[in-house]
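This report refers to the structure that appears directly beneath it.
A short reminder: the numbers here are calculations on the coordinates, not readings from a lab. Since the model is a prediction, treat every value here as computed from it, not as a measurement. Please note: Cβ atoms are built from the backbone with ideal geometry, for glycine as well, and neighbour counts cover all protein chains shown.
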Amino acid sequence: MDTFAKVDAAQAKPVPEALHKLFNDPSKVKVQPLPCEIPDVGSKAVHFEAGARTMPHRHTKGQHIIVTDGVGVVADEEHVHVVRPGDVISSPPGGWHWHGATPTTAMSHVTIEDPGLDLDVERGNWDEAYTPDLGR
Ligand code: MN
């Protein structure tokens, strides 16, 4: 039998303590656990208020992102991409990236990834790439 859910910021919870280091401002981010029936795979929706984003990080096993609401940013080592609902981003294992809202617009995305804390956040910030005009 299939499991159904809906991406809904009203169902989201504060960022767990273990993930605070991943975000520039955890108070502006909410996480909504989503069901995932695929063994060894996890999924969640992440809702970023304007100005909120992750720090640069990489996922040991990679990460799949589907933008569901708003306007946001996904940046890898080469480019800063403005993303909108329907955009799909697939980050390879070990690839550095960061993602979140633009400075002026909220963004929500669904992630599909290893269900554990499959993260490395020990790399410097990329503030210079987060310009006030992003998404305009
Ligand atoms: Mn990521």
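Comparing Ala52, Ala101, Ala12 in a Gaussian network model of the chain, where Cα atoms under 10 Å apart are tied by springs, the biggest mean-square fluctuation is seen for Ala12.
The amide H of Lys44, built 1.01 Å from its N in the peptide plane, has Leu34, Thr111 as neighbours under 5 Å, considering only residues 5 or more places off or on other chains. Measuring r between the beta carbons of His79 and Glu37 and using R0 = 25 Å, the FRET efficiency lands at 0.15. Rounded to whole numbers, the Karplus 3J(HN,Hα) couplings from phi for region 70-79 are x, 10, x, 9, 10, 10, 10, 6, 10, 9 Hz, using 6.51 cos²θ - 1.76 cosθ + 1.60 with θ = phi - 60°, and x at Gly and Pro.
Using every pair of distinct Cα positions in the chain, the Kirkwood expression returns a hydrodynamic radius of 14.9 angstrom. For Lys30, a cut-off of 22 angstrom between C-alpha atoms picks up these lysines, skipping any fewer than 8 places away in its own chain: Lys6, Lys13, Lys21, Lys44. Of the residues Gly62, Gly94, Gly86, which exhibits the maximal mean-square fluctuation in a Gaussian network model of the chain defined by a 10 Å Cα contact cut-off? Its mean-square fluctuation being the largest, the pick is Gly86.
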